[in-house]
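What follows is one structure encoded as structure tokens, with my remarks underneath.
The values are calculated or read from the model by the stated rules, or taken from the named source; none is laboratory data. This is a predicted model, so every value here is computed, not measured. All Cβ positions, even for glycine, are placed from backbone atoms using ideal geometry, and neighbour counts span all protein chains on display.
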Amino acid sequence: MTKTEGLALDGITIRLGGRRLIALDAQVGRGEVLTVMGPSGSGKSTLLAYIGGFLDPAFEAEGSVRIDGSDLTGLAAEDRHAGILFQDPLLFPHLDVAGNIAIAIPQHSGSRRDRRRMAEAALADAGLEGFGDADPDTLSGGQKARVALQRVLMSRPRLLLLDEPFSKLDAHLREQTRQMLFATARQAGLPVVLVTHDEADAAAANGRVHRVGDS
Amino acid sequence: MRLARIAPPLTLLVLVGPLAFGLAGTLLPAFGYLPSLGGTRFSLDAFHLLAGTPGIVRSAATSILAGLVTTLLALLCVVAFAAGHLDSPLFLRMRRLISPLLAVPHAAAAFGFAFLVAPSGLMMRLVSPWLTGLDRPPDVLIVHDPMAITMVAGLVIKEIPFLFLVMMAALPQLRHKETLQLGRCLGYGRVASFIFLLWPQIYAQMRLAVFAVLAYATSVVDVAVILGPQLPPTLPVRLIEWMNDPELQTRYLASAGALLQLVATFAALLGWLGIERIGGLLVSLPSGRGLRFRHDRPARHAALAAMALSALMVFGGIAMLGLWSLAGLWQFPKALPSAFTLDRWSAALPRILDPLVTTLWVAGISTAIAVVLTILCLERELETGRGQGGRSLMLIYLPLIVPQISFMFGLQVLAIAAGVEGTAASLVLAHLVFVLPYVFLSLSDPWRAHDRRYDAIAAGLGMSRTRALMRVRLPMLARAILTAAAVGFAVSVGQYLPTVLIGAGRLTTVTSEAVALAAGGNGRVIGVYGFLQTVLPFLAFAIATAVPNLLFRHRRGLRL
């Protein structure tokens, strides 16, 4: 292993009942995007679950996941700091908008009020100033997506896992969100693994493409 | 979570431990072994005595038949109603009406039913004297009739809401709307589409609940004391009389009888398997011939009428409990009391306070333990991906299918031997055996249906499992958890047998006191106890609805 910066996936294999779903070796540098393409039902999302550490015990998986040289494979999901975004924003419905972000801020980052202020600042960065006290369910689809992204960023992730995050947005919003996400990842120097079935996503990601489940 | 690891074995212990020990505690005295009473030698004397007891065959047969008829009628009502009206606006309205009836304790429903149908009850008053010409109650045996018809009717109206809700819980897993549309497009009537295409799958899912109803109806004590036959009473009532006999030697006989009850319930289950076969033929023969049953309007109306009548009887009965508790002078043919008074309440309150407090803490503690154990078990299930199979469901239903009286009596024997009868801990544990299954059944569906991607997000944000549970899952499932707790509370409030046997007369609840009044026949005092018994679970459900509404009043995503 010459390159230690970024995400290294070595000999990853995921099986379900003896059938191989995923076989992958890849290097994803900081700010780079690895796109995993495949039809629905091909098991491509299990790769994200394996990297994130929440793979269903029904699957058998092996291979090592390293970030900047340190091994994540044996760690619990919460110790990996792998931020994940799904096609639905999945804001926590019982918290207000700022609460959704504050809950992501690592522990020991100041008092309750400090955390709240950091959350409000993150909202302002995303063009959502003054939305802190709002009920997340009242936001528009685009606003929710931005809150979800800020939430993940505030948890100071070491990598980003994207599970078809654009598939439910309309064409205009999709383009905009893509730009925002990839730019943010580049800026923050985060390796990204994107799972999608949309060729346009792969093109926009402008990185290596790994195809699964093609027959 | 380390704590979650011990939850499944602990839950198993709560469910199966008392059952196993209780059955052993019944079995040994039945065969003559009860050292505390000097029985150290195994013998069959108790069984000879039991066989020689007058009317014992009739008592057992009545129990078996009452169980089968109750289950069949209640299930038929529910199926016919769903088949005829599923998803209609009327159906949704009925569903809202029927759901709260689950909370009514059996004893209260039985008392209310008695107040409606008795010779001096409201129904007779409404038609007297203008129709019947009667100015005094007719001298007929309606309540306590020897054929147990009134008892079966009282059980049916109380089991309908339970079976209905179990069926509603099975529906979301089937594509029932599309299936019914498909059936109608093929030319089948509404009822036929439901019965031919959906019912077999629904029944497979609710089968254990039906078994529980059957086992309950064959072994019920409180409803049988209030409504059932008296000469001779049904088997469970005779058992409880023997158990309470001051002559301690009768305990051997009671133990043998408790085993007979086990056999009787098992016989009823075998009989039900036969009914299942016949029912299967009744469905498969006409569907095999392609019969369409397009004109099913009369059947649909009949089903609706039966359902509405049963709900009306329970609601009417509760209203009668309230009315009687406030009644002053109330002469026979008058439909309403001539005067109202709070005398009964003020006279009863000082005496009712102790049982009321006991009811509240027993229900509160057993429910709290059940909720915590259930949550930890379900959390463990998520971690391991195991425990959803049919075998674990079977274990959860086990205390509901083995007749309560057959192992509770043995538990009482053990509790006396260990010197823990009538203690708070043993009473809570006895209630927990029955509260836990209902809490688990009520919470497991919403828990498993919760979107697991929230767990992934929480973990990705660096939250430990405990923190994710406390900060994300529990608040999002607050409504389901509180509803499950209300169910558990209602189950505990309604428990009669465990309270009588394990409370040992030292700890009494509103329910055990109410049933004890049945023999006295003072309608006004019964009204006070029965009404109070009904109010407690309703309050629990009201709180379970109001608290999330209040907490999440600014959270649209969590509104119903």
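Return the total of residues in the range A:96-110 being crowded, with 23+ Cβ neighbours inside 10 Å and facing another protein chain (nearest Cβ under 8 Å).
1
Does A:GLY52 fit the bill of being at pLDDT 90 or above and either surrounded by fewer than 20 Cβ atoms within 10 Å (Cβ to Cβ) or within 14 Å of B:ARG453 (Cβ to Cβ) (or both)?
Answer is yes for this residue.
Quick check on B:TRP330: is it free of Cβ contacts under 8 Å to residues at least 40 places away in the same chain and either of a type outside the set (S, T, N, Q) or surrounded by 19 or more Cβ atoms within 10 Å (Cβ to Cβ) (or both)?
When the stated conditions are applied, B:TRP330 passes them.
Given the conditions (1) within 14 Å of chain B (Cβ to nearest Cβ); (2) under 19 Å from A:VAL209 (Cβ atoms); (3) touching a helix residue (DSSP H, G or I) at 6+ places or on another chain (Cβ under 8 Å), report the number of the one that A:THR46 does not fulfil.
Only one criterion is unmet by A:THR46, namely (3).
Could you please give the count of residues in the range B:403-414 that are under 16 Å from B:LEU262 (Cα atoms) and either more than 18 Å from the chain's Cα centre (by Cα) or surrounded by fewer than 21 Cβ atoms within 10 Å (Cβ to Cβ) (or both)?
3
Name every residue in the range B:517-560 that is basic (Lys, Arg) and part of a loop (DSSP other than H, G, I, E, B), in order of residue number.
Passing the criteria: B:ARG553, B:ARG555, B:ARG559.
Across the range B:428-457, which residue is surrounded by the fewest Cβ atoms within 10 Å (Cβ to Cβ) among those that are part of a helix (DSSP H, G or I) and within 8 Å of chain A (Cβ to nearest Cβ)?
B:ARG453
Check whether at least one residue in the range B:394-414 is out of contact with any His (no Cβ under 9 Å at 6 or more places or on another chain), part of a helix (DSSP H, G or I) and farther than 30 Å from B:LEU270 by Cα, and report yes or no.
Checked against the condition, which is being out of contact with any His (no Cβ under 9 Å at 6 or more places or on another chain), part of a helix (DSSP H, G or I) and farther than 30 Å from B:LEU270 by Cα, the range B:394-414 yields at least one hit.
From A:THR13, A:THR35, which residue is of a type in the set (Ser, Thr, Tyr) and either part of a loop (DSSP other than H, G, I, E, B) or within 22 Å of A:LEU149 (Cα to Cα) (or both)?
A:THR35
Consider B:LEU501 against the criteria (1) away from every other protein chain (no Cβ under 12 Å); (2) under 30 Å from A:ALA76 (Cβ atoms); (3) modelled with pLDDT under 95: it satisfies all of them except one. Which criterion is unmet?
B:LEU501 satisfies all of (1) away from every other protein chain (no Cβ under 12 Å); (2) under 30 Å from A:ALA76 (Cβ atoms); (3) modelled with pLDDT under 95 except (2).
Condition check: crowded, with 22+ Cβ neighbours inside 10 Å and either in contact (Cβ under 8 Å) with a residue 24 or more places away in the chain or at negative phi (or both). Does B:ALA61 satisfy that?
No; evaluated as a whole, the condition is false for this residue.
Could you give every pair whose Cβ atoms fall below 7 Å, whose first residue belongs to the range A:84-95 and is more than 7 Å from every other protein chain (Cβ to nearest Cβ) and more than 15 Å from B:LEU551 (Cα to Cα), and whose second residue is basic (Lys, Arg) and surrounded by fewer than 19 Cβ atoms within 10 Å (Cβ to Cβ), counting only separations of at least 6 or pairs across chains?
A:GLN87/A:LYS168; A:ASP88/A:LYS168
Right, B:LEU131: in a helix (DSSP H, G or I) and either in contact with a Phe, Trp or Tyr (Cβ under 8 Å, 6 or more places away or on another chain) or not acidic (Asp, Glu) (or both) or not?
no
Only one of (1) at pLDDT 95 or above; (2) within 14 Å of another protein chain (Cβ to nearest Cβ); (3) farther than 25 Å from A:THR46 by Cβ is not met by A:LEU123, so which one is it?
If we test A:LEU123 against (1) at pLDDT 95 or above; (2) within 14 Å of another protein chain (Cβ to nearest Cβ); (3) farther than 25 Å from A:THR46 by Cβ, just (2) comes out false.
Could you please give the count of residues in the range A:49-83 that are under 20 Å from A:GLY17 (Cβ atoms) and within 14 Å of chain B (Cβ to nearest Cβ)?
Total meeting the criteria: 10.
Scan the range B:275-307 residue by residue and report those that are assigned to a loop (DSSP other than H, G, I, E, B) and surrounded by 11 or more Cβ atoms within 10 Å (Cβ to Cβ).
Within the range B:275-307, B:LEU291, B:ARG292, B:PHE293, B:ARG294, B:ASP296 meet the criteria.
Tally time: how many residues in the range B:208-233 are within 10 Å of B:THR71 (Cα to Cα), out of contact with any Pro (no Cβ under 8 Å at 6 or more places or on another chain) and of a type in the set (A, V, I, L, M)?
Going through the range B:208-233 one residue at a time, the tally reaches 5.
What's the total number of residues in the range A:144-175 that are surrounded by 15 or more Cβ atoms within 10 Å (Cβ to Cβ), away from chain B (no Cβ under 14 Å) and not in a loop (DSSP other than H, G, I, E, B)?
3
Report yes if B:ILE160 is closer than 30 Å to B:ALA118 by Cα, in contact (Cβ under 8 Å) with a residue 24 or more places away in the chain and touching a Cys at 6+ places or on another chain (Cβ under 6 Å), otherwise no.
Yes, satisfied.
Residue under question is A:ARG20, and the condition is that it be within 13 Å of A:ARG158 (Cβ to Cβ) and either charged (D, E, K, R) or part of a strand (DSSP E or B) (or both); does it hold?
In short, no.
Among the numbered conditions (1) at pLDDT below 95; (2) in a helix (DSSP H, G or I); (3) away from chain A (no Cβ under 14 Å), tell me where B:LEU382 comes up short.
Result: B:LEU382 fails condition (3) only.
Okay, residues lined up against (1) crowded, with 23+ Cβ neighbours inside 10 Å; (2) touching a Lys or Arg at 6+ places or on another chain (Cβ under 9 Å); (3) under 16 Å from B:PRO403 (Cβ atoms):
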{"residue": "B:LEU180", "(1), (2), (3)": "no, yes, no"}
{"residue": "B:ARG184", "(1), (2), (3)": "no, yes, no"}
{"residue": "B:SER193", "(1), (2), (3)": "yes, yes, no"}
{"residue": "B:VAL221", "(1), (2), (3)": "yes, no, yes"}
{"residue": "B:ALA224", "(1), (2), (3)": "yes, no, yes"}
{"residue": "B:LEU235", "(1), (2), (3)": "yes, no, yes"}
{"residue": "B:LEU262", "(1), (2), (3)": "no, no, yes"}
{"residue": "B:PHE266", "(1), (2), (3)": "no, no, yes"}
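Kindly provide the set of residues from the range B:462-507 that are of a type in the set (S, T, N, Q), surrounded by 19 or more Cβ atoms within 10 Å (Cβ to Cβ) and not in a helix (DSSP H, G or I), ordered by number.
B:GLN495
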